Amino acid sequence: MEIRTDFLIIGSGIAGLSFALKVSEWGDVVIVTKKEDSESNTNYAQGGIASVFAKDDSFELHIEDTLRTGGGLCDPEVVRKVVEAGPGCIEELIRVGVQFTRKRGKKREFDLGLEGGHSKNRVVHAADLTGREVENSLLCAVKAKKNVKILEDHIAIDLITQHHLKDYQRKADEKIRCWGAYVLDKEKNQVLACLSKITLLATGGAGRVYLHTTNPSIATGDGLAMAYRAGAKVANLEFIQFHPTALYHDQANSFLISEAVRGEGGILRLQSGESFMEKYHPRKELAPRDVVARAIDHELKKRGESCVYLDIAHLDQKFIKLRFPNIYGKCLSLGLDITKDPIPVVPAAHYICGGVVTDLEGRSGIENLYACGEVAYTGMHGANRLASNSLLEAVAFAHFSAKSAKNTLSSMKDFSFPSIPSWSLEGVFDQQEWVIISHNRDWIQKFMWDYVGIVRSNRRLKQAKRRISIFLDEITEFYKVNPVTYDVIELRNIATTSELIIECALQRKESRGLHYNLDYPQKNDKIWLKDTRLKSEKE
Ligand code: FAD
Ligand code: SIN
């Protein structure tokens, strides 16, 4: 089966949907998304979107905070472009229907939250359910467009490039081109060749590479792995952001306790009730995330305890329920009244700062392939992302990319697709072999947590590399001889993404931002004020 379109968008989070809304003005759009349309990291975002609205704030201050947090690796041009686009992006989201929380009694003013690393209150939010509000509004607007088709339960397997053409010999200086993607329709168990003039990777993050993560199950690094296999450059994957405060409860699945809770005055305490952040940073609970996550990790390891506590019981009860209805409700459902009880928390993998390298228009190195949102590496976040800058980056880059894609499309007047072979699903799935391999999903997540987590060392990284390369051989072998399934696709991508994270972490022989290696505990500006970049063999 084959379908053809002008724009193929892989992923229906904030990046994919924002891009879709724009480009649907200029051509037909197909969005493929691997579960139900709203299931995305976006849908779970709590804190909000950072942007300059307060009278005592300025673009310069937001830029300064972003650059400082990014540990010298942000691209200042990108940061400025995104920060300055911020207020316009928020206005656009409002036009789409997003209802942000306003100050009590002042309907025209946003209730601006404060989060770690920010010098001013600048987080625009919809209570503590910002992501759900944004996702629903964007989906509603996209569904109203007649020329946009959303295919749910469709998982992209691989990008289609010259490498898929029969008997094709690519010339040494010829650029890799993308003509869409092979996509598995889960229900029909059928692989579609989705051919498109322009393809956008908007597949989000990779938190599920780790045992403990705030990310939903879709976040398996698919876009990163697909782009790398196709020959795109990826960069800075060692910078995994661990959110300091995920709920510690066996039924909570690392539910996030928003940084906004600390922004409103939440205090981190040890089991003894003692606060400890004052020992680690002058901004205490509102230090950048890497500092807070490492401080918690250090205290837990030192004491052999399994969690610390976030205490907001000193705040007004009514305020807590109004400001954090989602967190209050979730905790209460687990028997925890956060207006009275301290919240048990631990760090969990949250965000990947590196990704597919793009330019200022969201173009990857592969022709007609764009990437935006968490899957992309634009230069915005450097070695550590400032809180609430990722929804901002995703929506801003969706706009920049859409503008660029419009020009690309209009330059493709005489374009025709080559003859693309269809995917073969022949053969019988070897269930017995799969049972053996599938166990390794948990195993990878566990060793990534233990060996490539908040604190790393050369020894641990080398051991992780050995393990993942053995497993990658096994899964690649299995993948070659068995019909592809949803689980196989994800497991292969988890393994590839893990390998890429380990490779980047091994390359960076220093500690900076989110990457902390015990063997190189200092930052080394002389050598390492640069990105770690990986290219696949195909490039
Ligand atoms: P996503 O929203 O994750 O969307 C990815 C889409 O791609 C999904 O639809 C998924 O199903 C689809 N997909 C993936 N692989 C495939 C495939 N192979 N085939 C087809 N479809 C595929 N950031 C902030 O700025 N502020 C916050 O307050 C905030 N809070 C957060 C809270 C939580 C709990 C989490 C997990 C993240 C939070 N973040 C926050 C980060 C932010 O939400 C994400 O970085 C952002 O939403 C990513 O958007 P995206 O569109 O790139 O990807
Ligand atoms: C949070 O609400 O703490 C998440 C904010 C973010 O990841 O930017």
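Rounded to a whole number, what % of the accessible area of region 24-170 do carbon and sulfur atoms account for, probe 1.4 Å? Carbon and sulfur atoms account for 47 percent of the accessible area of region 24-170. Using heavy atoms of the protein chains and a probe of 1.4 Å, the accessible area assigned to THR203 is about 30 Å². The heavy atoms of TRP528 offer some 30 square angstrom of accessible surface to a 1.4 angstrom probe. Counting only DSSP H runs of at least 4 residues, each contributing -39500 (n - 2.57), and dividing by the residue count of the chain, the helix-based mean residue ellipticity at 222 nm comes to -11000 deg cm²/dmol.
In region 382-484, the portion of solvent-accessible area held by carbon and sulfur atoms comes to 50 percent [1.4 Å probe, whole percent, DNA, RNA and ligands not counted]. For the chain, the per residue solvent-accessible surface stands at 40 Å², with DNA, RNA and ligands left out and a 1.4 Å probe.
Label separation (TRP443 vs GLU174): 4.0 nm, computed from points 7 Å beyond Cα along the C-beta direction. So, R0 is 35 Å and r is the distance between the beta-carbons of SER119 and GLN271; what FRET efficiency does that work out to, to 0.05? My answer for the efficiency is 0.65.
Highest mean packing first, where packing is the average number of other Cβ atoms within 10 Å per residue, the peptides 441-450, 238-247, 55-64, 134-143 line up as 238-247, 134-143, 441-450, 55-64.
Find, among the trypsin sites (Lys or Arg not before Pro) in region 263-364, those assigned to loop by DSSP (not H, G, I, E, B) with at most 10 other beta-carbon atoms within 10 angstrom.
Taking region 263-364 and a limit of 10 other Cβ atoms within 10 Å, the loop trypsin sites (Lys or Arg not before Pro) found are LYS340.
Label-to-label distance, LYS107 versus LYS413, with points set 7 angstrom from Cα along the beta-carbon direction: 5.0 nm.
Note on GLN507 and PHE429: the model spin-label points, each 7 Å out from Cα along the C-beta direction, lie 3.6 nm apart.
3J(HN,Hα) along region 132-140, derived from phi through the Karplus expression 6.51 cos²θ - 1.76 cosθ + 1.60 where θ = phi - 60°, amounts to 4, 5, 5, 4, 5, 5, 5, 4, 4 Hz, with x in place of Gly and Pro.
Calculate what fraction, in whole %, of the accessible area of region 219-260 sits on carbon and sulfur atoms when a 1.4 Å probe is rolled over the protein chains. Summing carbon and sulfur atoms, their accessible area is 46 percent of the total for region 219-260.
The values are calculated or read from the model by the stated rules, or taken from the named source; none is laboratory data. Fair warning: this is a prediction, and the values are worked out from it, not measured in the lab. When we count neighbours, we look across all protein chains shown, and the Cβ atoms used for this are built from the backbone with ideal geometry, even at glycine. Accessible surface areas use protein heavy atoms only, side chains included; no ligands, DNA or RNA. Shrake-Rupley method; radii C 1.70, N 1.55, O 1.52, S 1.80 Å.
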